[in-house]
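Asks: Sharing a structure here in structure tokens format.
The values are calculated or read from the model by the stated rules, or taken from the named source; none is laboratory data. Keep in mind the model is a prediction, meaning the values are calculated, not measured. A quick note on method: Cβ atoms are made from the backbone with ideal geometry, for glycine too, and the neighbour counts reach across all protein chains shown.
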Amino acid sequence: MNDLKLSDLFGVNVFDDNLMRERLPKAIYKKLHNTIDKGLPLDPAVADVVANAMKDWAIEKGATHFTHWFQPMNGKTAEKYDSFLSPTSDGRMIMEFSGKELIKGEADGSSFPSGGLRQTFEARGYTVWDCTSPAFLKEDASGVALCIPTAFYSHTGEALDKKSPLLHSMECIQSAGIRVLRAIGDEATTKVTATVGAEQEYFLVDKRQYQQRKDLIFAGRTLFGAMPPKGQEMEDHYYGSIKEKIAKYMRDIDVELWKLGVPSKTKHNEVAPAQHELAPIFTTANVACDQNQLIMETLQKVANRHELACLLHEKPFAYVNGSGKHVNWSLVTDTGKNLFSPGKHPHENKEFLLFTSAVIKAVDVHADLLRLCAATAGNDHRLGGNEAPPAIISIFLGDEITHLFEQISQGEEVIEKGKQMMEMGVATLPQLRKEASDRNRTSPFAFTGNKFEFRMFPSSESIAEANTFLNVMVADVLNEFANRLETAEDTQKEMEAIVKETYLNHKRIIFNGNGYSNEWVEEAARRGLSNYKTTVDVLPCFIKEDSIALFERNQIFHRSELFARYEILLEEYYKTLNIEARTMLDMVQKQIMPATLQYTTQIAEHIIALNKVGVFEVNAQTELLQSLTTAINTLKQCTDQLHQELEQSTHIEEAYDKAVFFKEHILVDMEALRQVADELELLIDEKAWPIPTYGELLFRA
Ligand code: ADP
Ligand code: MG
């Protein structure tokens, strides 16, 4: 694709700032920007004009419908389409889209997860225009529609989605950030924005094979599958050359995303066979969140066109790496500063020292919340595995920055190390400076030069919550700092004291070593860091008194909203396991058991046939028959056990008790059932095995 084409394509389906400038009267454009840039309330008169301009543009581009596009608490996106048709009093039809329709829509709040916040008899929910994220056109075989990013509230004002808390949290970081900057003498900055770039990992498999696997269809991951002869041990897939079929798919993805204004930038093969990654260029947190939803949707939609299926699950296959989503997070100002950029002289860089200290404290104090927002049934299979960050939260700062904070905290004079050059010893290669820190791939939360990379995050989830939590946690500490700085007699001294104290009190959270090692697990325990191994272990942290206080103090969630969200997360956990368990039973009863019985009969008939012609040397065959019948018995026992415990689970009322039961019983039964089924797969003729194997799924797309 040459440059000209890319520039023609980029953003053609977005009602972006250029279009608004072109199509809106100057005064309206300015008023709208007061809301987008300065966070001022939206003037209702603006909405009518904007709606009309949006509609004209959308209709020119072939749109027939519009939808309020929102992000309910199931972590997906939701949409309901209305056409632009509107009857006139003289019986004609005109194309209309009013400011009222732009600003507010209605949706039945009780049909989305609400954790008991909405009763069906008072189910009204409202979608409200988020003018800080641009409207866009979705086009597919079914037509073109105008999509308006919205937040979703109940009619009593509780947030029913993932977006509203994120928007609130961005206001928190804005005001706390500005307070700190003002206190240290920065009068120029008027805006502090959280920026985010989310790297998305995914798997691609052949669509026909996908369709033959009920586990992939219903659960998004394989629930059975013996280890194939080859896994990822040759380390030949990461950055490997991309197969033509996959390259074509990726190109199509780029085009689709570019049209939507999503700046898809990097694509490559990942560590596991059939695993890939896509990274966009970062943008403001709420837009990044919308864009990540569009990326996930597009990856799946386009796969279908290419006879592929895209798996976003955290652990679609055992034995090889799972998928994560690296959430890169930073704070930037409208004066063009990145507040985590150390600059040439980090020890003199007040913003860097204060804002980095705030992150260190926030992550230490609220590590549980960070762990919690990465907790899902799917991610439980990945975290703590030997390829993913451990379940223990820590920060990688890198040797240079850690050394800097050490020196400051000891009251030592900071001596700058000059930039060193890399020694490559080949004269024809260009000279390179050494980076301040090496990569650390084993840290769940790594400082990467001018941003933090939250690496624990699950691949399939909305990034809204992670960003909300980060913004609020850090804003809370920044407000504390601001309280001290604003009342200090000597701001410089106070600032130094804050940096020093914060580091000394919270340095236990910093760990630059190998996060995958067992020594770290022990060391972390000695440091008093928490280690929540599973989702069920960590979810109750949501409703701890200090979490409630944090969210209430910053006006993100009321107590009732937190309890509701806690309930939803518990439900999501056991419902996921329930679907997986039922899928396993279905596959065993309807596919694996019948195939096994048939094959066993074949072996028995084979022995009888040999005996008939006088061959009685059939030890190998009888042994195989014996192994098969033993496995069949175990398969039956495991199925019965799972069946029975699933039945038992239906009698448990409390969501938390139910989640614990699923973790302690159902999951264990599922593992036992899988083990015997996988043994059977290895015993049986591949032509007789009823579902595509790992070898076929991972190596043939
Ligand atoms: P890495 O190689 O360290 O993963 P990249 O530069 O490739 O880093 O960036 C990874 C992701 O981080 C990309 O999506 C990128 O846009 C994003 N990113 C870079 N700078 C920032 C920033 N200041 N704030 C948020 N995200 C950022
Ligand atoms: Mg990365």
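Asks: Within the bounds of the stretch 337-347, is there any residue that is part of a helix (DSSP H, G or I) and either under 21 Å from Lys265 (Cα atoms) or in the same structural domain as Tyr239 (by TED's automatic domain parsing) (or both)? Write out each step before concluding.
Replies: In the first step, residues of the stretch 337-347 are kept if they are part of a helix (DSSP H, G or I); the result is 346-347.
Checking the rest, the ones that are also either under 21 Å from Lys265 (Cα atoms) or in the same structural domain as Tyr239 (by TED's automatic domain parsing) (or both) come to 346-347.
Looking through the stretch 337-347, at least one residue is part of a helix (DSSP H, G or I) and either under 21 Å from Lys265 (Cα atoms) or in the same structural domain as Tyr239 (by TED's automatic domain parsing) (or both).
Asks: Kindly provide the set of residues from the stretch 299-325 that are of a type outside the set (A, V, I, L, M) and crowded, with 22+ Cβ neighbours inside 10 Å, ordered by number. Give the derivation first.
Replies: Of all residues in the stretch 299-325, those of a type outside the set (A, V, I, L, M) come to 300-301, 304-307, 310, 313-317, 319, 321-325.
Matches in the stretch 299-325: Cys310, His313, Glu314, Lys315, Pro316, Phe317, Asn321, Gly322, Ser323, Gly324, Lys325.
Asks: Let me ask something else about it. Just one of Leu216, Leu223 is in a loop (DSSP other than H, G, I, E, B) and either away from ligand 1 (no atom under 16 Å from the Cβ) or closer than 30 Å to Ala672 by Cα (or both); which is it? Break it down stepwise before answering.
Replies: Details: Leu216 fails: in a loop (DSSP other than H, G, I, E, B).
Going through Leu216, Leu223 in turn, the sole match is Leu223.
Asks: Please tell me if Ala58 is at pLDDT 95 or above and either closer than 24 Å to Ala145 by Cα or part of a loop (DSSP other than H, G, I, E, B) (or both).
Replies: yes
Asks: Checking Lys214 against (1) in contact (Cβ under 8 Å) with a residue 24 or more places away in the chain; (2) over 23 Å from the mean Cα position of the chain (by Cα); (3) over 18 Å from Ala318 (Cβ atoms): exactly one of these is not met. Which one?
Replies: Lys214 satisfies every listed condition except (3).
Asks: Quick one: Lys265 ticks every box in (1) within 16 Å of ligand 2 (Cβ to nearest atom); (2) crowded, with 18+ Cβ neighbours inside 10 Å; (3) without any contact (Cβ under 8 Å) to a residue 24 or more places away in the chain bar one, so which box is it?
Replies: (2)
Asks: Given the options Leu146, Leu204, name the one that is modelled with pLDDT of 95 or more and outside the structural domain of Leu353 (by TED's automatic domain parsing). Before you say what the answer is, go through the steps one by one.
Replies: Working: Leu204 fails: outside the structural domain of Leu353 (by TED's automatic domain parsing).
The match here is Leu146.
Asks: Within the stretch 442-465, which residues are within 15 Å of ligand 1 (Cβ to nearest atom), buried (at least 23 other Cβ atoms within 10 Å of the Cβ) and part of a loop (DSSP other than H, G, I, E, B)?
Replies: Ser443, Pro444, Arg455, Met456, Phe457, Ser459, Ile463
Asks: Sticking with this one: Starting from residues that are at pLDDT below 90 and in a loop (DSSP other than H, G, I, E, B), keep the ones in the stretch 133-143 and report whichever is nearest to Phe97 (Cα to Cα).
Replies: We begin by selecting, within the stretch 133-143, every residue at pLDDT below 90; these are 140-142.
Now drop any that are not in a loop (DSSP other than H, G, I, E, B), which leaves 141-142.
Details: Ala141: 23, Ser142: 21 Å.
Here the answer is Ser142.
Asks: Check Phe97, Phe136, Phe152 and return the single one that is within 30 Å of Leu85 (Cα to Cα), without any contact (Cβ under 8 Å) to a residue 60 or more places away in the chain and crowded, with 16+ Cβ neighbours inside 10 Å. Lay out the reasoning, then the answer.
Replies: Working: Phe136 fails: without any contact (Cβ under 8 Å) to a residue 60 or more places away in the chain; Phe152 fails: without any contact (Cβ under 8 Å) to a residue 60 or more places away in the chain.
Among Phe97, Phe136, Phe152, only Phe97 is within 30 Å of Leu85 (Cα to Cα), without any contact (Cβ under 8 Å) to a residue 60 or more places away in the chain and crowded, with 16+ Cβ neighbours inside 10 Å.
Asks: So, one more: Of all residues in the stretch 664-680 being of a type in the set (Asp, Glu) and surrounded by fewer than 19 Cβ atoms within 10 Å (Cβ to Cβ), which is farthest from Leu311 (Cα to Cα)?
Replies: The initial filter retains those residues of the stretch 664-680 that are of a type in the set (Asp, Glu), namely 664, 669, 671, 678-679.
Restricting the remaining residues to those that are surrounded by fewer than 19 Cβ atoms within 10 Å (Cβ to Cβ) gives 664, 671, 678-679.
Numbers: Glu664: 27, Glu671: 21, Asp678: 21, Glu679: 25 Å.
My answer is Glu664.
Asks: I would also like to ask the following. Here are some conditions: (1) assigned to a helix (DSSP H, G or I); (2) under 25 Å from Pro692 (Cβ atoms); (3) modelled with pLDDT of 95 or more. Lys245 meets all but one. Which one does it not meet?
Replies: It fails just one condition, (3).
Asks: If you don't mind, there's one more thing I want to ask. Name the one entry in Phe457, Phe511, Phe469, Phe481 that is within 16 Å of ligand 2 (Cβ to nearest atom) and either at pLDDT 95 or above or under 20 Å from Leu369 (Cβ atoms) (or both).
Replies: Details: Phe511 fails: within 16 Å of ligand 2 (Cβ to nearest atom); Phe469 fails: within 16 Å of ligand 2 (Cβ to nearest atom); Phe481 fails: within 16 Å of ligand 2 (Cβ to nearest atom).
Answer to the selection: Phe457.
Asks: Quick check on my filter: what residues within the stretch 65-124 are touching a helix residue (DSSP H, G or I) at 6+ places or on another chain (Cβ under 6 Å) and assigned to a helix (DSSP H, G or I)?
Replies: Listed by number, the residues that qualify are Gly99, Leu102, Ile103, Ser110, Thr120.
Asks: Then there is this: Quick one: in the stretch 311-332, of everything that is of a type in the set (Phe, Trp, Tyr) and at pLDDT 95 or above, which residue is nearest to ligand 2 (Cβ to nearest atom)? So that I can check it myself, show each step before the final result.
Replies: Step one: filter the stretch 311-332 for residues of a type in the set (Phe, Trp, Tyr), giving 317, 319, 329.
With at pLDDT 95 or above added as a condition, the list becomes 317, 329.
Working: Phe317: 22, Trp329: 12 Å.
Checked the stretch 311-332; the qualifying residue nearest to ligand 2 (Cβ to nearest atom) is Trp329.
Asks: Restricting to the stretch 172-199, what's the tally of residues that are within 16 Å of ligand 1 (Cβ to nearest atom), part of a helix (DSSP H, G or I) and among the aliphatic types (A, V, I, L, M)?
Replies: 1
Asks: Might you check whether a residue that is at pLDDT 95 or above and either in contact with a Pro (Cβ under 9 Å, 6 or more places away or on another chain) or aromatic (Phe, Trp, Tyr) (or both) occurs anywhere in the stretch 72-84? I'd like the intermediate steps shown before the answer.
Replies: Filtering the stretch 72-84 for residues at pLDDT 95 or above gives none.
Looking for residues that are at pLDDT 95 or above and either in contact with a Pro (Cβ under 9 Å, 6 or more places away or on another chain) or aromatic (Phe, Trp, Tyr) (or both), one finds none in the stretch 72-84, hence no.
Asks: Give the number of residues within the stretch 270-294 that are at negative phi and more than 15 Å from ligand 2 (Cβ to nearest atom). Give the steps one after another, and end with the answer.
Replies: Here is the first cut: in the stretch 270-294, the ones at negative phi are 270-273, 275-294.
Then drop every residue that is not more than 15 Å from ligand 2 (Cβ to nearest atom), which leaves 272-273, 283-287, 289-291, 293-294.
Of the residues in the stretch 270-294, 12 are at negative phi and more than 15 Å from ligand 2 (Cβ to nearest atom).
Asks: Here's another thing I want to ask about it. Can you name every residue in the stretch 485-507 that is of a type outside the set (Phe, Trp, Tyr) and surrounded by 17 or more Cβ atoms within 10 Å (Cβ to Cβ)?
Replies: First, pick out the residues of the stretch 485-507 that are of a type outside the set (Phe, Trp, Tyr): 485-502, 504-507.
Hits for the stretch 485-507 are Leu485, Glu494, Met495, Ile498, Val499, Lys500, Thr502, His506, Lys507.
Asks: Hey, another quick one. Might you let me know whether the stretch 643-658 holds any residue that is basic (Lys, Arg), over 25 Å from Gln211 (Cα atoms) and part of a helix (DSSP H, G or I)? Give the steps one after another, and end with the answer.
Replies: From the stretch 643-658, those basic (Lys, Arg) are 658; that's our starting set.
Checking the rest, the ones that are also over 25 Å from Gln211 (Cα atoms) come to 658.
Within this subset, residues satisfying the condition of being part of a helix (DSSP H, G or I) are 658.
Yes; the residues of the stretch 643-658 include at least one that is basic (Lys, Arg), over 25 Å from Gln211 (Cα atoms) and part of a helix (DSSP H, G or I).
For every residue, the table says whether it meets (1) surrounded by 12 or more Cβ atoms within 10 Å (Cβ to Cβ); (2) not aliphatic (A, V, I, L, M).
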{"site": "Leu624", "(1), (2)": "yes, no"}
{"site": "Asn633", "(1), (2)": "no, yes"}
{"site": "Lys636", "(1), (2)": "yes, yes"}
{"site": "Glu653", "(1), (2)": "no, yes"}
